Amino acid sequence: MYDPKSLQAEEFISHDEILATLDYAEAHKTDLPLVDSIIEKAGQCKGLTHREASVLLACEDGERIQRIYALAEALKKKFYGNRIVIFAPLYLSNYCVNGCTYCPYHQKNKHIARKKLTQEEVAREVIALQDMGHKRLAIEAGEDPVNNPLDYILECIDTIYSIKHKNGAIRRVNVNIAATTVENYRRLKEAGIGTYILFQETYHKASYESLHPTGPKHDYRYHTEAMDRAMQGGIDDVGLGVLFGLELYKYEFAGLLMHAEHLEAVHGVGPHTISVPRIKHADDIDPGAFDNSISDETFAKLCALIRLAVPYTGMIISTRESQQVREKVIRLGVSQVSGASRTSVGGYQQEERPTDTEQFDVSDQRTLDEVVRWLMEMGYIPSFCTACYREGRTGDRFMSLCKSGQIQNCCHPNALMTLKEYLMDYASEPTRAIGEALIQAELQNIPRDNVRDICADHLEKIAHGIRDFRF
Ligand code: SAM
């Protein structure tokens, strides 16, 4: 039975409803008046149901697909302007007791080096990340109650927030760790985390169980209901994602949107972000062993349709993707990108990219300075802002500001100010020159006079090295 308000995984991600949705989408994909009416609804920024969005995903009409892309671009501009939030992953430990068949950290992998950062090493990683200019991290760890218990994760979060090196500071720590209990989510919230991110990997229960043959992650229901427990524990910004390549993408897309509908129906607020990872080559993992890989074209269409279906949800693209793919999907709706990522444990302290503890190959291997310059050359404002969650703009408060369009008055000036900080503290000369010109031009675009005055005043202060406020 399908019930978005149910708290049982098999009911809010109903297999039968997904199959019925895929049949409906297939049967209606050539019904162009219906397709047009769905595109029109998306244009009113009302979002789309999983059924409506699935019809658009199935539609193969070239002209409609171009309209979907154009609309995704327009919605992206409307809600996110030209800002792109920057972050980096920080791997704490690759000890793991699970058996995930696509991940090299699986327990049976005996030749990958196992490593867990000490607090001194965490501090060194954080200093290396701060020295690049990063302000926002996503911490990552395998699941291992003995080697990486929650107490260890909490200790690492404390260490990360405590390091103030030169003008650096990590101002927001997002957390990507295994599904856990309400009590543990409460403790993460108390530790001051930003978003709790957990990828579903696949919404298809039977596939999920065979892709996770052993370990606590095998429990589909416990994993799928994790976001409800996180919200019960007080975390109101949660990040969803599927690992594209494991199952049929149309199935995953419907499941992902049903999950978002469920969170909205039960908790009154949908996901804060959606990530769109694709399987990559890794230590003992061959992506060719998974049958459901998707082309770059399909990947772009998925990103555009996520933008149409959940216009207020941020979308994240990692360095799993190449510069070229990232360029395309940033235009279509992605709002956050990682830069200069190392997916190994302790990788930031080392000159050369270490591969012995790496989770997967990184396609985009540019430095943060290069990523920032690249974004600005395309007309985007790289934003290092983290103000929202510290100012209490999370969950439904964030969403209502976003829906009314008021968020622009916070995000745009803050993005410029954090970019200015970055340019002064970390950028190379060519990057700084492009950035300063961009900031001056952008300042004129800030709509309200008083906001513009405050922003200009703060920019002036930063230029004189005065940092008496926090973003
Ligand atoms: N242990 C936590 C969990 O179980 O959710 C954290 C997950 S891991 C550090 C982060 C994500 O990397 C996983 O959720 C998975 O989707 C992704 N991942 C694992 N292996 C991958 C691969 N070979 N290529 C791309 N992404 C991969």
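Can you give me the C-alpha center-to-center distance between the stretch 116-134 and the stretch 171-211, rounded to a whole angstrom?
23
Using θ = phi - 60° and the Karplus relation 6.51 cos²θ - 1.76 cosθ + 1.60, list the HN-Hα couplings for the stretch 441-448 in order, rounded to whole Hz, with x at every Gly or Pro.
The phi angles translate into 5, 5, 4, 5, 7, 6, x, 8 Hz.
Using DSSP to define loop residues, name the trypsin sites (Lys or Arg not before Pro) in the stretch 124-208 whose beta-carbon has at most 12 other beta-carbon atoms within 10 Å.
Those that pass, being in a loop and sparsely packed, are 164, 166.
Taking a quarter of the surface of the Cα convex hull of the stretch 339-393, what do you get in nm²?
For the stretch 339-393, averaging the hull's shadow over all directions gives 5.5 nm².
Please identify the cysteines of the chain that lack any partner cysteine with a Cβ under 4.7 Å from their own Cβ.
45, 59, 96, 156, 303, 385, 388, 402, 410, 411, 455
Would you mind calculating the relative contact order of the chain from Cα pairs under 8 angstrom and at least 6 residues apart, reporting the percent as a whole number?
Contact order relative to length: 19 percent.
Just how many % of Cα pairs in the stretch 9-76 lie over 19 Å apart, if you round to the nearest whole percent?
Cα-Cα pairs in the stretch 9-76 separated by more than 19 Å: 34 percent.
Over the stretch 404-463, what number does the Rg to Rh ratio reach, with both radii from the alpha-carbon atoms and Rh per Kirkwood?
0.99
Please report the spacing between the Cα centers of the stretch 1-22 and the stretch 236-280 in Å, no decimals.
14
Report ³J(HN,Hα) in whole Hz for each residue of the stretch 294-304, in order, from the Karplus equation J = 6.51 cos²θ - 1.76 cosθ + 1.60 where θ = phi - 60°; Gly and Pro get x.
Running phi through 6.51 cos²θ - 1.76 cosθ + 1.60 with θ = phi - 60° gives 10, 6, 4, 5, 5, 4, 5, 5, 4, 5, 4 Hz.
So what's the gap between the Cα centers of the stretch 341-373 and the stretch 394-453, to the nearest angstrom?
27
Convex hull over the alpha-carbon atoms of the stretch 377-427: what's its volume per residue in Å³?
Per-residue hull volume (Cα only) is 84 Å³.
Once every DSSP H run of n ≥ 4 in the chain is given -39500 (n - 2.57) and the sum is divided by its residues, what mean residue ellipticity at 222 nm do you get, rounded to the nearest 500 deg cm²/dmol?
-15000 deg cm²/dmol
Taking a ≥ b ≥ c as the square roots of the eigenvalues of the Cα gyration tensor of the stretch 209-296, is the shape rounded (a/c under 1.5), prolate (a/b larger than b/c) or oblate?
Here the stretch 209-296 falls in the prolate category.
To make sure I understand the rule: partners must be lysines, Cα under 20 Å from the Cα of residue 76, and not fewer than 8 residues away in the same chain. Which ones qualify?
Reachable lysines: 41, 46, 301, 328, 403.
Considering the Cα positions of the chain, please state its Rg to one decimal place and its Dmax as a whole number of Å.
Radius of gyration, then largest Cα-Cα span, for the chain: 21.4, 63 Å.
Can you list the residues, at least 5 places off or on another chain, whose amide H is less than 5 Å from the amide H of residue 84, using H built in the peptide plane?
Under 5 Å from the amide H of residue 84: 381, 383.
Taking the Cα centre of the chain as the origin, how large is its charge dipole in debye, to the nearest 20, when only Lys and Arg (+1) and Asp and Glu (-1) carry charge on their Cβ atoms?
Here the size comes out at about 1180 debye.
From the P(r) of the stretch 313-471, could you give the percentage of C-alpha pairs in the tail past 28 Å?
28
Quick note: the coordinates plus some simple rules give every number you see, no bench work behind them. Values in this document were obtained by computation on a predicted structure and should not be read as measured data. Neighbour counts are summed over all protein chains in view; Cβ atoms, including those assigned to glycine, are modelled from backbone coordinates with ideal geometry.
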